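Q: Sharing a structure with you now.
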Amino acid sequence: VELIVVTTTNQSGDTLYDDHCGGGTEGFEYLKRWNGSYGAGRACALIGPLTVLVPIPPATIHRDTFHVNSQSYTGTWRAQLLLKDKGGALLPQEQRVSNTFRVIGTWTP
């Protein structure tokens with residue numbers, strides 16, 4: 001399992017929230033579209049509440065971690081965060097995904 005660090009800079013004028021109980025890694029090549037097959041998703045169902053919101057105040061940087069598991073295939077990947085506004089609504093998808101990165105896995109789709 002490899003660790004990925006995603007850095008988010010809040011350039012809005014409001015506090016944003018990163019839900020550390022959701023999101024995950026998504027690959028492209030397996031289904032020829034972004035999807036979590038063979039990726040690593042996050043969930044907090046075993047520790048109690050289904051959300052762990054970490055505030056990201058305006059003009060600050062937040063670092064979050066994700067994993068690439070041993071089933072991830074060779075290809076193009078990204079991390080999708082669950083970033084929310086102060087009302088709890090998800091930010092648009094283009095504001096919640098990382099830059100892409102390359103995984104050298106044990107198989108190719």
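Q: Between Cys21 and Val5, 0.36 nm times their residue separation minus their Cα-Cα distance comes to what?
A: Full extension from Cys21 to Val5 adds 4.2 nm.
Q: Separate question: Share of the chain's accessible area from carbon and sulfur, percent, 1.4 Å? Present the calculation step by step, with values, prior to reporting the outcome.
A: Numbers: 3480 of 6400 Å².
Carbon and sulfur: 54 percent of the exposed surface of the chain.
Q: Additional query: Rounded to the nearest 10 Å², what accessible area does Thr108 show when all protein chains are kept and the probe is 1.4 Å?
A: Looks like 100 Å² after rounding.
Q: Can you tell which of Ala79, Ala43, Ala89 shows the greatest fluctuation in a Gaussian network model of the chain with Cα springs below 10 Å?
A: Looking only at Ala79, Ala43, Ala89, the largest GNM fluctuation is found for Ala89.
Q: Using a 1.4 angstrom probe, figure out how much accessible area the chain has per residue, in square angstrom, rounded to the nearest whole.
A: With all protein chains present, the chain gives 59 Å² per residue.
Q: Additional query: So how many Å³ per residue does the convex hull of the Cα atoms of the chain work out to?
A: Values: hull volume 10.8 nm³, N = 109.
About 99 Å³ per residue, rounded to a whole number.
Q: So if I restrict to the alpha-carbon atoms in region 54-97, what is the Rg, and what is Dmax, the biggest pairwise distance, in Å?
A: Using the Cα atoms of region 54-97, the pair Rg, Dmax is 13.3, 38 Å.
Q: Nearest 0.05, what FRET efficiency do Lys32 and Ile61 give at R0 = 22 Å with Cβ-Cβ as r? Before the final figure, lay out each step's value.
A: Working: r = 34 Å, r/R0 = 1.53.
Using R0 = 22 Å, I get an efficiency of 0.05.
The values are calculated or read from the model by the stated rules, or taken from the named source; none is laboratory data. Worth saying up front: this structure is predicted, and the values here are computed from it rather than measured. Every residue, glycine among them, receives a Cβ derived from its backbone with ideal geometry; neighbour counts consider all protein chains shown. Heavy atoms of the whole protein, side chains included, go into the accessibility calculation; ligands, DNA and RNA do not. Shrake-Rupley method; radii C 1.70, N 1.55, O 1.52, S 1.80 Å.
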